[in-house]
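Some notes on the structure that comes next.
The values are calculated or read from the model by the stated rules, or taken from the named source; none is laboratory data. Computed from a predicted model, the values in this text were never measured in an experiment. Cβ placement follows ideal geometry from the backbone for every residue including glycine, while neighbour counts extend to all protein chains displayed.
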Amino acid sequence: MSDSMPEMPRTPEPDAAAAPAPDPAAPAPLGVTRTPTGHAGVDAGLERLADADHLAADGHTEVYEDVHRGLRDTLSALDTGPTTAPVPAPVPPHDNRS
């Protein structure tokens, strides 16, 4: 019996040409599914949210505020009603035979 230990396999040293490890602080998509609503204004806001996936956290505020402003404008437009005034219903003539 020998006092020497068998040689352990060596872990290969990292290859300098290998891809660098991803930076945990780098922007990364959240993978949130955005389902179209069928309303152009709302769908545009949802698509705008995708821009935040490529920004650092400090850039998200601008995107969120932009989307919030667009959604608020869309909702406000619903409160204003149609752009043309409705035509009043004809008033029946008043009968003075009493």
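See the values below:
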quantity	calculated
The range 1-47 - residue that is of a type in the set (Ser, Thr, Tyr) and at pLDDT 70 or above and, of those, nearest to residue 59 (Cα to Cα)	33
In the range 41-58, the residues that are exposed (fewer than 10 other Cβ atoms within 10 Å of the Cβ) and either within 15 Å of the chain's Cα centre (by Cα) or within 14 Å of residue 70 (Cβ to Cβ) (or both)	57
Hey, residue 61 modelled with pLDDT of 70 or more, in a loop (DSSP other than H, G, I, E, B), hydroxyl-bearing (Ser, Thr, Tyr) and under 14 Å from the mean Cα position of the chain (by Cα) or not	no
